[in-house]
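Q: A single structure is presented below for examination.
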Amino acid sequence: MTHEFYDYLVNVKGYSVRTMMSYRNDITAFVAWAHTERRGARWSTLTKGDIEAFIADNAKAGKAPASTNRYLASISALYKWMQTQGYQVENPCRYASRRKVGETLPNTIDTLELRAAYEHSHGMVHIMLGLLYVTGCRIQELLDLRWEDINFKTWAVRLHGKGQKDRIVFATEETLAELDTIRERGNCEGRLFWIDQRTARRMIYDALKAHCHAKQLSPHAIRHTVATQMAANGANVVTIAKLLGHEHIETTQKYIDLAKATDLRAAQRAYIKFN
């Protein structure tokens, strides 16, 4: 039955194999615990108390709150799926207590240093850095971009996000200038970047390390920088969540205090600037 759930995560929800494996590892850990501590238990007979006992045991073993909360999310997702499939089960995670996670600051990069890295880069990495910074996209969203996803008249960019959910963000004339030059030469079909994620990450790291002194020099650190800069300039949680493709508002909340911003294009163009 769990194998069907994992197939659902990949083929219906559109999650990556890596994300699916995280769910599987969490659920496998719970199954192993239940086999030892609750012999004879079934998915339909496990209770909120059982779930909280599992979390408590992991907390005593030194698991961080973020890890045990992830266990809860994974197990809860399985129960919700079972309910949609007609299994007669209640979700024991529904009222289980989540542990408080200490507030941590996201890894960001100084915007002046990021600007310097962008200005001193060339070719493909120059284009990638520009798009990452003005759109706040994920690295795989960047690598999935196709020529037909970019409107060079309006600077609109269609990103193919997690769970097969597309969204529109906006670049700038500056960041699309080099791509526009390539486009005018013709023969622009398929993907923009014919490289894998590992190669792209290495190229971006090498471009950043010469000018940036942040703890983390990665595409996701650039994404954190985008979100933090938007928040610092007053964008509200809904606006940032839509621009970054967050499925849950809670993911975005760490970046911002509620403020006024309604128009997505105006908000992004106002908050993401190379100056």
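Q: For the chain, build the charge dipole from Cβ charges (+1 Lys, Arg; -1 Asp, Glu) around the Cα centre, then report which of GLY123, ALA171, HIS213 sits farthest towards its positive end.
A: HIS213
Q: Sticking with this one: What percent does the relative contact order of region 111-271 come to when contacts are Cα pairs within less than 8 Å and at least six residues apart?
A: 26 percent
Q: With a point put 7 Å past each Cα toward its Cβ, work out how far THR199 is from ASP7 in nm, to one decimal.
A: 3.4 nm
Q: Now, a different point. In region 26-45, whose amide N lies under 19 Å from the spot 7 Å out along Cα-to-Cβ of THR84? List them in ranges.
A: 27
Q: Something else: Once both axes come from the Cα atoms, what is the angle between helix 17-37 and the longest principal axis of the chain, in degrees from 0 to 90, rounded to 10?
A: 20 degrees
Q: Additional query: Mean-square fluctuation check for the chain, GNM, Cα pairs under 10 Å: which of LEU143, LEU244, LEU112 is largest?
A: Most flexible of the set in this elastic network: LEU112.
Q: Here is a further query. Of LYS215/LYS242; LYS165/LYS215; LYS80/LYS162; LYS48/LYS80, which sit over 23 Å apart, Cα to Cα?
A: Violating the 23 Å Cα-Cα cut-off are LYS215/LYS242; LYS165/LYS215.
Q: Can you tell which of GLN164, GLN88, GLN216 shows the greatest fluctuation in a Gaussian network model of the chain with Cα springs below 10 Å?
A: GLN88
Q: Still on this structure: Below 8 Å between Cα atoms, with a sequence gap of 6+, how large is the relative contact order for the chain in percent?
A: This gives 18 percent for the chain.
Q: Starting from the amide H of LEU145, placed 1.01 Å from N in the peptide plane, find each other amide H under 5 Å away whose residue is 5 or more places distant or on another chain.
A: Residues meeting the amide H criterion: LEU192.
Q: I need the shape label for region 2-84. Rule: rounded when a/c is under 1.5, else prolate if a/b > b/c, else oblate, with a, b, c from the alpha carbon gyration tensor.
A: oblate
Throughout, read-outs are computed from the coordinates displayed, never taken from laboratory work. Since we're looking at a predicted model, the values are computed, not measured. So basically every Cβ, Gly included, is an ideal-geometry build from the backbone, and we count neighbours across all protein chains shown.
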